Amino acid sequence: MRYLPVPASATLGPFLAILAATTLLPAIADAQPIRPLAQEYVAVFESPDPQRVFAYSPGIARLESGRLVATLDLGGPGMETSQGTVGVRYGKKIQGKVYTSEDGGQT
């Protein structure tokens, strides 16, 4: 009897499908809503139109002075009617935002 070599990807596919079905699906069925890590928090930014204006690339840093600096980018189809200064990346309008706080993030 002669055996032909079988690529590893051909044998892993069914294994991964069985692994996902037996471990991930039961976990998804028992999933609970995601709770914030902090129960008291201040939102840096909330999209005025979450279906059309997306916030991404978040960043936050605390300077030696204690000042907090938070950054994010805005994009999406809602940026076409955006007010203020916007840039263009890959032919789409985007906008960068920088926020600072001197009071530990309260404002």
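A few points about this structure:
- Nonlocal amide H pairs with Val53, under 5 Å, H built at 1.01 Å: Gly78
- Here the Karplus relation 6.51 cos²θ - 1.76 cosθ + 1.60, evaluated at θ = phi - 60°, turns the backbone of the range 90-107 into coupling constants of 6, x, 10, 6, 9, 8, x, 10, 10, 10, 10, 9, 9, 10, x, x, 5, 9 Hz, with x for every Gly and Pro.
- Stretching Arg62 away from Gln32 to a fully extended chain increases their span by 7.6 nm, per 0.36 nm per residue minus the current alpha-carbon distance.
Quick note: the coordinates plus some simple rules give every number you see, no bench work behind them. Predicted model only: the values in this text are computed from it and were never measured.
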